[in-house]
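**Q** Okay, here's the structure, questions in a sec.
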Amino acid sequence: MKKQANFFKELPQSNMTPMMQQYANIKMLHQDCLLFYRMGDFYELFFEDAIAAAPILDIALTKRGRQNGDDIPMCGVPYHAYEYYLLKLLKAGHKVAVCEQLETPEEAKKRGYKEVVRREVVRIITPGTLLEETLLDSKQANYLMSIALWEGVVATSWVDISTGEFSVSITTINSLTSELARLSPSEIIIPEKLLTNDKARQTLAEYQKKLSIRANSIFDFSRAENKLKEF
């Protein structure tokens, strides 16, 4: 199947079916995630998401209709067994946005014959935000780590959301390697500017699949201080 690069940016939504318009609107809000789009008893993935997920999940890449002459790639997993597939995607470094049906098809039809079932992302799951005991290793902490650089000082913090354990530390760029090896985090949140530091970029290279890069403004000292005080 042909991969539709930048599909949603290139195709006017007027050319989509109502359901795919809904899918596109939701996907545009969660472009850094694979979208688990609930359709009845399955979570379906479409387009680039399906192409990326199918080989990781070892499931067939099928199709659902055509768009501008091209097949629409699709793959799906049963909702009652989604955790098994979810873990595979997380281990491969992906984030997953879970989009649920908020009403039944019958309720949608009451609003109009052609109305699409209401759907909404109810949770975004990343390697460091897992809560399901069945997906966690009881013998190992599941750390979500954050690294910030402030006036030459490296600050690290890490939390295991499943237990509430939370710690902070001050270190240096040169000591960051040993810190990462000791904690073995599942996910690392960093500001964009950290990758402009050559030493930090080299240190984080082997953790590339675990990185969640965020805007520098989120790591602003005053903003972070005020956020902390709010708690």
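**Q** Work out the FRET efficiency for Leu183 and Thr104 from their Cβ-Cβ distance, taking R0 = 45 Å, and round it to the nearest 0.05. If you can, show how the numbers build up before the last one.
**A** Numbers: r = 45 Å, r/R0 = 1.00.
Approximately 0.50, to the nearest 0.05.
**Q** Okay, moving on. Mind checking the log10 I(q)/I(0) for the chain at q = 0.13, 0.16 Å⁻¹? Debye, one equal scatterer per Cα, no solvent, two decimals.
**A** -0.90, -1.17
**Q** With unit charges on the beta carbons (Lys and Arg positive, Asp and Glu negative) and the dipole taken about the Cα centre of the range 132-229, which residue among Phe221, Ile170, Tyr207 sits farthest to the positive side?
**A** Going by the charge dipole, the pick is Phe221.
**Q** Still on this structure, I have one more. Using just the Cα positions, wrap the range 117-171 in a convex hull and report its mean projected area in square nanometres, one decimal place.
**A** For the range 117-171, averaging the hull's shadow over all directions gives 6.0 nm².
**Q** Taking the Cα centre of the chain as origin and charging only Cβ (+1 Lys, Arg; -1 Asp, Glu), how large is the dipole, in debye to the nearest 20? All intermediate terms of the calculation are to be shown ahead of the outcome.
**A** Values: 29 positive and 30 negative charges, 117 e Å.
With only Lys, Arg, Asp and Glu charged at Cβ, the dipole is about 560 debye.
**Q** Take each of the peptides 126-136, 221-231, average the number of other beta-carbon atoms within 10 Å over its residues, and list them starting from the highest.
**A** Values: 126-136: 15.9, 221-231: 9.1.
Highest-to-lowest ranking by the protection proxy: 126-136, 221-231.
**Q** Using a probe of 1.4 angstrom, how much of the accessible area of the chain is carbon and sulfur, in percent? All intermediate terms of the calculation are to be shown ahead of the outcome.
**A** Numbers: 6900 of 13390 Å².
Exposed carbon and sulfur together represent 52 percent of the surface.
**Q** Continuing with this model, one more query. If I take R0 = 30 Å and measure r between the Cβ atoms of Gln208 and Ala141 in this structure, what FRET efficiency does the formula 1/(1 + (r/R0)^6) give, to the nearest 0.05? Present the calculation step by step, with values, prior to reporting the outcome.
**A** Values: r = 21 Å, r/R0 = 0.72.
Result of the calculation: an efficiency of 0.90.
**Q** Among Tyr84, Met74, Tyr113, which residue has its Cα positioned farthest towards the positive end of the charge dipole of the range 70-138, with +1 placed on the Cβ of Lys and Arg, -1 on the Cβ of Asp and Glu, and the dipole taken about the Cα centre?
**A** So the residue furthest toward the plus end is Tyr113.
**Q** For the range 29-139, with equal point scatterers placed on the C-alpha atoms only and solvent neglected, what are the log10 I(q)/I(0) values from the Debye formula at q = 0.12, 0.19 1/Å, to two decimals?
**A** -0.46, -1.04
**Q** Next up: Considering Cα pairs under 8 angstrom that are at least six residues apart, work out the relative contact order of the chain and quote it in whole percent.
**A** Values: 332 pairs, mean separation 29.7, N = 231.
The normalised contact order for the chain reaches 13 percent.
**Q** When you count, for each residue, the other Cβ atoms within 10 Å and take the mean per peptide, how do 159-168, 104-113, 41-50 rank with the highest first? Show your work: numbers first, answer last.
**A** Values: 159-168: 13.1, 104-113: 11.0, 41-50: 20.9.
Order by mean packing, descending: 41-50, 159-168, 104-113.
**Q** Gain in length, Val168 to Arg123, computed as 0.36 nm per residue apart minus the alpha-carbon separation, to one decimal in nm?
**A** 13.5 nm
**Q** Something else: Taking the Cα centre of the range 102-153 as origin, sum charge times position over the Cβ atoms of Lys and Arg (+1) and Asp and Glu (-1), and report the length of that vector in debye to the nearest 20.
**A** On the way: 8 positive and 9 negative charges, 77 e Å.
The dipole magnitude comes to about 360 debye.
**Q** Angle between the Cα long axis of helix 82-91 and the longest principal axis of the chain, 0 to 90 degrees, nearest 10?
**A** Roughly 40 degrees between the two axes.
**Q** In Å², and per residue, what accessible area does the range 143-231 have when probed at 1.4 Å with the other protein chains present?
**A** Working: 5490 Å² over 89 residues.
It amounts to 62 Å² per residue over the range 143-231.
**Q** In addition: Once you treat every alpha carbon in the range 148-231 as an equal point and sum by Debye, what is log10 I(q)/I(0) at q = 0.14, 0.24 Å⁻¹?
**A** At q = 0.14, 0.24 Å⁻¹ the computed log10 ratios are -0.49, -1.48.
**Q** Across 10 Å bins from 0, what is the distribution of all Cα-Cα pair distances for the range 26-94, in whole percents?
**A** Percent of Cα pairs in each bin: 21, 56, 22, 2.
The values are calculated or read from the model by the stated rules, or taken from the named source; none is laboratory data. The structure displayed is predicted, hence computed values, not measured ones. A quick note on method: Cβ atoms are made from the backbone with ideal geometry, for glycine too, and the neighbour counts reach across all protein chains shown. The area values use the complete protein model at the heavy-atom level, side chains included, leaving out ligands, DNA and RNA. Shrake-Rupley method; radii C 1.70, N 1.55, O 1.52, S 1.80 Å.
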